[in-house]
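Inspection log for the structure reproduced underneath, given as structure tokens.
Each value in this text was obtained by applying a stated rule to the coordinates, not by laboratory testing. All of these numbers come straight from a predicted model, not from anything done at the bench. Because the Cβ atoms are built from the backbone with ideal geometry, glycine has one as well, and the counts that use them run over all protein chains shown.
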Amino acid sequence: MANKVVFILGIGRSGSTMLDLMLGSHSEGFSLGEISKLPEIYRRHPSPASFCPTGTFWQDHFSQKDAEQLALGLGGRRLNQFVPLKVERWVRELVGKDAVLNPYLLLHERIQKSLLIDSSKYPDWVGQRLKAREFRQNKLEAYVINVVRDGRAVLNSYLRAYPDRTVETLSRRWLSNLEESERVYDSVSPERRLRVRYEELATSPTETMQQVCSFLKIPFEPDMLEYWKHEHYYIAGSRSARALIARYHEQPVPDAVKEVHGNYYADMDLTIKLDQRWRKELSAEKIKAFYDIVGDRNRPLEWNESS
């Protein structure tokens, strides 16, 4: 099986992290989580042990030198302060000294899984990663999955996480993220890109994941749907997903999750559930303000009772 990297584009974390962890529960899969945050984590605590708060996977498989190389390669900053990064990339590739700029090859070598999943989500991040030689020369196969969700649900999630920000500000953020995600998605060849609706993943997980597995040319494994039963060592990511994993291991839901979500995850069964809290929590005035900003851009994404 060819080594693959799946980049997940998404607005909001719920659907992106759910898909990430399901794929990471496949026998050939490994969830990297939001690995775009690794350089900042390393800057604060320069050790592979700091990459994941659970288990010893990273320090068991990656040396200190590996961790430094990943932080440099994923950082998107100048390696030499006197040379523009674009020029340095070209020179390093020309003389065959660009391994640091191809971090997913190192990740595959150390992790020994044929399918790595990067749920960093950010369009600029994905676009920059796809320019690396490891993907341009097909040393690794890159796939992009765009997870979309009804913008009203995303707005409600934003408001819950950022209560000090206005509906107008968060609506503009949603619209900007949507347009940037579409730009990157459209730049990928059709056979290497797939769009997945969060609502379909949550209501028809088997059928949706069968489609995803077919797209990635891997066999569907039913056990991957119960992602909370599997070991994961992902970097950053949705706290709500961690909450379900903690519930499975009979651990308390973290206080940080309760502060944002109340008892939603503490009372939730261990199952895949469509989150429709926006229907009760988002007022008609806020919905109108959202549509005043985004116009018709959310119409194709609307998930109504008849969907």
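Going highest first, how would you order 18-28, 55-65, 178-188 by mean Cβ packing within 10 Å?
Details: 18-28: 23.6, 55-65: 14.2, 178-188: 16.3.
Result, highest mean Cβ count within 10 Å first: 18-28, 178-188, 55-65.
Using only alpha carbon positions, build the gyration tensor of segment 115-218, then give the equivalent ellipsoid semi-axes as the square roots of 5 times its eigenvalues, largest first, whole angstrom.
27, 19, 10
Excluding GLU199 itself, calculate the net charge of residues whose Cβ lies under 9 Å from the Cβ of GLU199, where each Lys or Arg counts +1 and each Asp or Glu counts -1. Don't skip to the end; give the middle numbers.
Working: positive: ARG149, ARG197; negative: ASP150, GLU200.
In short, 0.
Under a point-charge model restricted to the Cβ atoms of Lys and Arg (+1) and Asp and Glu (-1), what is the dipole moment magnitude of segment 133-224 relative to its Cα centre, in debye to the nearest 20?
The dipole magnitude comes to about 320 debye.
Can you tell which of MET22, ILE8, LEU74 lies farthest toward the positive end of the dipole of segment 1-78, using +1 and -1 charges on the Cβ of basic and acidic side chains (Lys, Arg; Asp, Glu)?
LEU74
Between GLU182 and ASN304, take the C-beta separation as r, use R0 = 25 Å, and let me know the FRET efficiency to the nearest 0.05. Walk me through the numbers before you get to the answer.
On the way: r = 22 Å, r/R0 = 0.89.
Plugging the Cβ-Cβ distance into 1/(1 + (r/R0)^6) gives 0.65.
Note down the relative contact order for segment 103-246 as a percent, whole number, built from C-alpha pairs under 8 angstrom at least six residues apart.
Once normalised by length, the contact order is 22 percent.
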